[in-house]
Amino acid sequence: MSEPLHDVIVAGLGAHGSAAAYHLAKRGQSVLGFDRFVRGHTLASFGGLSRIIRLSYYEHPSYVPLLRRAWDLWRELERESGETLLTQTGGLYMGPPEGELVSGSLASARTHGLAHELIDNAELRRRYPVFDVDPDWVGVADAQAGWLAPERSVETHLRLAERHGATLRFTEPIERWERDGDGVRVTSAQGSYRARRLVIAAGSWLARLLPQLAPHLWVERSVLFWFEPRADRDAFARLPVYIVEDTDRIFYGFPYIEGQGVKVAGLHFGDPADPDLLDRTASADDEERVRGWLRRRMPLANGERRDAKVCMYTNTPDGHFIIDHLIEDSNVIVASACSGHGFKFASVIGEILADLVLDGETAHPIGFLSSERPGWDLAL
Ligand SMILES: Cc1cc2nc3c(=O)[nH]c(=O)nc-3n(C[C@H](O)[C@H](O)[C@H](O)COP(=O)(O)OP(=O)(O)OC[C@H]3O[C@@H](n4cnc5c(N)ncnc54)[C@H](O)[C@@H]3O)c2cc1C
């Protein structure tokens, strides 16, 4: 019997691989997907019950068209699946007026005509008394923002991918891949499989499958905490998702969510990690980094610890994603969309990856995410 030839193999079924499998299967491709862990695992970058989605994007205005499409696609996915995945709460970004957070959010909002409000210091204090706001800070309120349920979003993409005909295999890491005639061959411990195209969306393990990326990516340990507020739970429940640019770093958090508490974390403490050797226990030091900030800025949130989760960012040198074909083999498409902010894009990145597989190009404006972007010497 001749060996089956699939249209596409997807290596990694987390945030972006699950979305790619869904879009490809929905567009009629025969999809074979693999994940290294069991279905429903939370050992990669997408675990932790909530992920912020926001449109007035301080990181760069070029992301905004992708975010608009991502938002619509999350809503479409909800309609197709019957799941509620995105909760709109609005967003609040506070810090010095000239800081990257406030000035970057305003730049995106103004460039793209997004609904937003600039809030002065006195009004910030009046509206959001749970924060101890620095006298020099202002705020930006972003109307189109909220949070996604990441584990259920991934599972929904997987379930609908299967409904559209995809075959998904779990607890089967891809060990290597190679060119095979006009297509690609991938090998796991269980077998060897052929396809016309390969999408690699392996998150923190990406450099294992693409060693040429190893010098450009670094994996960072990151710890999320959930606390029970000491008082005024209702005021926390009314909060939007928020990001605060403080003197030492950015902190961010979510409103009080029933059954979870208040989730807070700091961005980029800079702890390097190996995805296979990650210390998955939140330490007293990890907790103190966040509690120290709560004592200063949100004292009523500094209550009993309800939970903690260790996670991984996969950082690029400039903090922007890489979505591209490999130069050496255009049948292979790579998505490294993390640097701590990629989940919200998963719905549109799935669509983009499907475009790249089917058409070799996409109408979405992703030139700024190319591996050959100006100022960057990475050639995949
Ligand atoms: C603490 C934390 C907070 C974050 N907060 C936000 C936020 O608020 N908003 C936001 O938009 N983003 C956020 N992010 C970023 C977001 O979660 C990531 O950008 C996103 O999960 C990356 O998706 P991915 O598909 O590249 O990787 P992952 O989601 O990690 O998926 C990779 C998958 O590949 C599998 N895999 C790896 N190697 C192999 C192999 N060899 N064979 C088969 N399968 C393999 C893994 O098991 C995994 O399932 C956060 C990230 C962290 C860590």
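The values are calculated or read from the model by the stated rules, or taken from the named source; none is laboratory data. Treat the numbers as computed from the prediction; the structure is a model and nothing was measured. Cβ: placed from backbone, ideal geometry, glycine included. Neighbour counts: every protein chain shown. All accessible areas refer to the heavy atoms of the entire protein, side chains included, with ligands and DNA or RNA removed. Shrake-Rupley method; radii C 1.70, N 1.55, O 1.52, S 1.80 Å.
For the reader, a short list of remarks on this structure follows.
- Members of the range 242-276 that are touching a Pro at 6+ places or on another chain (Cβ under 8 Å) and not β-branched (Val, Ile, Thr): GLU245, PRO255, TYR256, GLY261
- Answer residue from the range 319-371, given it is among the charged types (D, E, K, R) and away from the ligand (no atom under 15 Å from the Cβ) and is surrounded by the most Cβ atoms within 10 Å (Cβ to Cβ) among those: ASP355
- Residue in the range 247-258 that is nearest to the ligand (Cβ to nearest atom), counting only those that are within 17 Å of ALA141 (Cα to Cα) and assigned to a loop (DSSP other than H, G, I, E, B): PHE254
- Residues satisfying the stated conditions in the range 110-152, i.e. under 30 Å from GLY47 (Cβ atoms), outside any loop (DSSP other than H, G, I, E, B) and of a type outside the set (A, V, I, L, M, F, W, C): GLY139, ASP142, GLY146, PRO150, GLU151, ARG152
Yes or no, residue by residue, for (1) acidic (Asp, Glu); (2) open to solvent by 40 Å² or more (accessible area, probe 1.4 Å); (3) under 23 Å from GLY303 (Cα atoms); (4) touching a residue at least 60 places away in the same chain (Cβ under 8 Å):
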{"site": "GLY259", "(1), (2), (3), (4)": "no, yes, yes, no"}
{"site": "HIS268", "(1), (2), (3), (4)": "no, yes, no, yes"}
{"site": "ASP279", "(1), (2), (3), (4)": "yes, yes, no, no"}
{"site": "ASP285", "(1), (2), (3), (4)": "yes, yes, yes, no"}
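- Among the residues of the range 91-140, the ones that are small (Gly, Ala, Ser), surrounded by fewer than 22 Cβ atoms within 10 Å (Cβ to Cβ) and within 22 Å of MET298 (Cα to Cα) come to 2 in all.
- Verdict on ALA161 being farther than 29 Å from PRO96 by Cβ, in contact with a helix residue (DSSP H, G or I) (Cβ under 8 Å, 6 or more places away or on another chain) and buried (at least 22 other Cβ atoms within 10 Å of the Cβ): yes
- Scan the range 1-32 for residues that are away from the ligand (no atom under 14 Å from the Cβ) and assigned to a helix (DSSP H, G or I) and the total you get is 3.
- Qualifying position, being within 24 Å of the chain's Cα centre (by Cα), among the acidic types (Asp, Glu) and modelled with pLDDT under 95, among ASP182, ASP248: ASP248
- Subset of the range 9-41 [buried (at least 24 other Cβ atoms within 10 Å of the Cβ), of a type outside the set (S, T, N, Q) and in contact with a His (Cβ under 8 Å, 6 or more places away or on another chain)]: ALA19, ALA21, TYR22, ALA25, VAL31, ASP35
- Complete set of residues in the range 169-220 that are of a type in the set (Val, Ile, Thr) and within 12 Å of the ligand (Cβ to nearest atom): THR171, ILE174, VAL186, THR187, VAL199, ILE200, VAL219
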